[in-house]
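The values are calculated or read from the model by the stated rules, or taken from the named source; none is laboratory data. From a predicted model like this one, the values you see are computed outputs, not experimental measurements. FYI the Cβ positions are ideal-geometry reconstructions off the backbone, even for glycines, and counts take in every protein chain you see. Heads up: the accessible areas ignore ligands, DNA and RNA and are worked out on the full protein's heavy atoms, side chains in. Shrake-Rupley method; radii C 1.70, N 1.55, O 1.52, S 1.80 Å.
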Amino acid sequence: MTISIILAVLALSVPVIIRLSRGHGTTPEIDQIRSVDLRAFCNLMDPAEEEYLRSKLVPAEFRRIQRERLQAAVEYIKTAAFNAGVLIRFAEAARRSPDPATAQAAAKLIDNAIRLRSYALRATPKLYLAMVFPGRRVSPAPVAESYELMTRQVVLLGLQYPTGKISAAL
């Protein structure tokens, strides 16, 4: 029975994994960057918050709420991965800048955006598995940390290359 559930979760997560790894087919524009509320994401993943809910809710209600929280976390991760894809394309253009500082900042942004997408690929199936087994602990903290670092790198790159719309959207 448990193996059947695990296989079902894996089968459901394969399209998400493929989509995150390939990008989204069309070349996204800077205007397509979506806002990510890191505080809300971190709250969803906070073990202390989970324990608080577990102690205050009956088990069936806790499992339902926890699944909703994990689904919201998956959406945050998908959005962060999408934004990373947009920023990779933007930074590739900036990396060709004749200014060495701009090219270096763009290269760092690309590296971190790729790392974030990698973390997203690993975290998403874990979150889906945790939806099936709500007591399972999941910590996609590298996603939040990497997203925050990527945001700072966009700001640094913006000092040398026009990124005003991007910085405001993140």
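To keep it simple, each residue is scored yes or no on (1) of a type in the set (D, E, K, R); (2) open to solvent by 80 Å² or more (accessible area, probe 1.4 Å); (3) at pLDDT 90 or above.
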residue	(1), (2), (3)
Arg69	yes, no, yes
Val74	no, no, yes
Thr79	no, no, yes
Arg96	yes, yes, no
Ala101	no, no, no
Ala105	no, no, no
Arg117	yes, no, yes
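Within the stretch 112-135, the set of residues being farther than 11 Å from Ala84 by Cβ, free of Cβ contacts under 8 Å to residues at least 40 places away in the same chain and part of a helix (DSSP H, G or I) comprises Arg122, Lys126.
The residues on offer are Val154, Val138, and the sole one that is outside any helix (DSSP H, G or I), open to solvent by less than 50 Å² (accessible area, probe 1.4 Å) and either modelled with pLDDT of 80 or more or in contact with a helix residue (DSSP H, G or I) (Cβ under 6 Å, 6 or more places away or on another chain) (or both) is Val138. Checking each residue in the stretch 99-137 for being hydrophobic (A, V, I, L, M, F, W, C) and more than 14 Å from the chain's Cα centre (by Cα) picks out Ala101, Ala103, Ala105, Ala106, Ala107, Leu109, Ile110, Leu129, Ala130, Met131, Val132, Phe133. Residues in the stretch 50-67 that are modelled with pLDDT of 90 or more and touching a helix residue (DSSP H, G or I) at 6+ places or on another chain (Cβ under 8 Å) were compared, and the one that is surrounded by the most Cβ atoms within 10 Å (Cβ to Cβ) is Gln66.
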